[in-house]
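Written below as structure tokens is the structure these notes are about.
Nothing in this text is a laboratory measurement; each read-out follows from the coordinates by a stated rule. Not measured: the values here are computed from a predicted model. Ideal geometry is used to build each Cβ from the backbone, glycine not excepted, and the neighbour counts take in all protein chains shown.
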Amino acid sequence: MEFLERLIKDALPRIRDFRGVSPRGFDGHGNYTLGVSDQSIFPEVELDKIKRNIGFDVTIVTTARTNAEAKSLLSEMGMPFSDRAKEPAARSRLIIR
């Protein structure tokens, strides 16, 4: 849980031009996988000790039975899905008279 929190709150926002993670990373059984192309997005990585950029995959295994349940769970935990920014605009409107 600590890693997931650091990923969501600290590391992902440090990605240049970050607009959210893809909602297509679900496997059909409630698990989500995303690729990180550079380990230096984590603040605890010392940049002067890095010889080359290393990427890795993160798989989040949940007890959700469906992708929709898993996405809802991860959204509630703060996972910034790229389509999340589009949803509130469709649900709410501002009316000025």
Worksheet, complete the sentence: Computed ³J(HN,Hα) along segment 17-24: with the Karplus parameters 6.51/-1.76/1.60, θ = phi - 60°, integer Hz and x for glycine or proline, the list is 6, 6, 10, x, 8, 5, x, 8
Discussion item. Could you work out [θ]222 nm for the chain from helices alone, using -39500 (n - 2.57) per DSSP H run of at least four and dividing by all its residues? Round to the nearest 500 deg cm²/dmol.
Written reply: -5500 deg cm²/dmol
Discussion item. Need the full-extension length gain, residue 51 to residue 83, defined as separation in residues times 0.36 nm minus the C-alpha distance. One decimal, nm.
Written reply: 8.0 nm
Worksheet item: Using 0.36 nm per residue, how much length does the chain from residue 73 to residue 61 gain when fully extended, once their Cα-Cα distance is taken away?
Response: 3.2 nm
Item to complete: Work out the count of Lys pairs in the chain where the Cα-Cα distance is under 30 Å, with the pair 8 or more places apart or on different chains.
Response: 5
Discussion item. Amide H of residue 81 versus every other amide H placed in the peptide plane: which residues, excluding those fewer than 5 positions away on the same chain, fall under 5 Å?
Written reply: 21
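Starting with the highest mean, order 27-33, 56-62, 12-18 by the number of other Cβ atoms within 10 Å, averaged over the residues of each peptide. Don't skip to the answer; put the middle values down first.
Values: 27-33: 15.0, 56-62: 12.9, 12-18: 10.9.
Final packing ranking: 27-33, 56-62, 12-18.
How big is the Rg/Rh ratio for the chain, C-alpha atoms only, Rh by Kirkwood, two decimals?
Values: Rg = 15.9 Å, Rh = 15.1 Å.
Here the Rg-to-Rh quotient is 1.05.
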Fill in: Rounded tilt (10° steps) of 67-76 against the dominant C-alpha axis of the chain
80 degrees
